[in-house]
Amino acid sequence: MTPVAVAATAATQTHGFLSPTGVEIAFLLVGLVTFGAAIVTVTTEQLVHAALWLVVALGGLAVEYLLLTAEFIAWVQVLIYVGSVVVLLLFGLMLTRAPIGRSPDADSGNRWAALTVAVAAGAALVWVVVDAFRTTWVDLDGAPQGTTAVTGSILFQHWVLPFEALSVLLLAALVGAIVLSRRTARAQDTNTKAREGNR
């Protein structure tokens with residue numbers, strides 16, 4: 001055996017579950033920060049703060065992709081989700097003239113029902129992913145997973161319909177925000193004219 005092979009074998013034997021590498025420790029810490037930001041996003045009573053904490057959560061996911069050496073997916077996460085979806089949310093908040101400060105109306109009092117649905121949805125998602133990839137093996141000799149070529153091939157061969165449905169959903173959200181803002185503006189104009197007529 002060559003010295004390189006001997007060193008690799010020794011590293012493999014010494015590395016285990018109780019001796020994580022620096023990348024694994026960083027992955028765990030970033031995951032905890034991302035999870036905490038996601039919890040704050042859904043529990044805060046200020047909508048703008050929720051949007052900003054969502055930026056932290058989505059940015060943490062981008063860092064996780066970088067640690068998994070999926071650079072293309074990480075930058076797509078930053079450009080589309082952090083740079084577009086959050087801006088769309090803030091734009092919708094401004095168009096609908098939602099309250100910027102603390103909003104007690106944001107809490108409907110159904111926290112336990114929401115928590116139950118969230119736990120059930122999370123468990124179903126974990127089960128689906130584990131069941132789908134239980135017998136899947138990564139081809140180490142092929143193109144690296146997460147690169148532009150592999151991601152583009154998978155996306156536009158197998159996931160075209162969900163990709164396009166997501167874009168239509170975002171467009172519908174933007175159009176809905178514009179319609180709501182115009183309806184609110186018309187109602188205010190009507191009230192102003194009525195007050196002026198009474199005078």
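The values are calculated or read from the model by the stated rules, or taken from the named source; none is laboratory data. Just so we're clear, the structure is a prediction, and the values are computed from it rather than from any experiment. Quick reminder, even Gly has a Cβ in these numbers, built from the backbone with ideal geometry, and neighbours come from all protein chains shown. Side chains are part of the model used for accessible areas, which takes the heavy atoms of the whole protein and leaves out ligands, DNA and RNA. Shrake-Rupley method; radii C 1.70, N 1.55, O 1.52, S 1.80 Å.
Before moving on, here are some points about what is shown:
- Lone qualifier among T135, T184, T192 - being of a type outside the set (G, A, S), outside any helix (DSSP H, G or I) and either open to solvent by 100 Å² or more (accessible area, probe 1.4 Å) or modelled with pLDDT under 75 (or both): T135
- Scanning region 93-128 for residues being at pLDDT 75 or above and open to solvent by less than 70 Å² (accessible area, probe 1.4 Å) gives a total of 8.
- Every pair of residues 6+ apart whose Cβ atoms lie under 9 Å, when the first sits in region 74-96 and is farther than 17 Å from L174 by Cβ while the second is open to solvent by less than 50 Å² (accessible area, probe 1.4 Å) and not in a helix (DSSP H, G or I): A74/G146
- Filtered residues of region 149-170 (kept if over 19 Å from the mean Cα position of the chain (by Cα) and either surrounded by fewer than 12 Cβ atoms within 10 Å (Cβ to Cβ) or at pLDDT below 75 (or both)): A149, G152, I154, F156, Q157, H158, V160, L161
- Sub-8 Å Cβ pairs linking a first residue in region 119-136 that is among the small types (G, A, S) to a second residue that is surrounded by 10 or more Cβ atoms within 10 Å (Cβ to Cβ) and in a helix (DSSP H, G or I), at least 6 apart or interchain, number zero.
- Restricting region 49-92 to residues that are closer than 26 Å to V179 by Cα, crowded, with 16+ Cβ neighbours inside 10 Å and not hydrophobic (A, V, I, L, M, F, W, C), the residue that is nearest to the chain's Cα centre (by Cα): Y81
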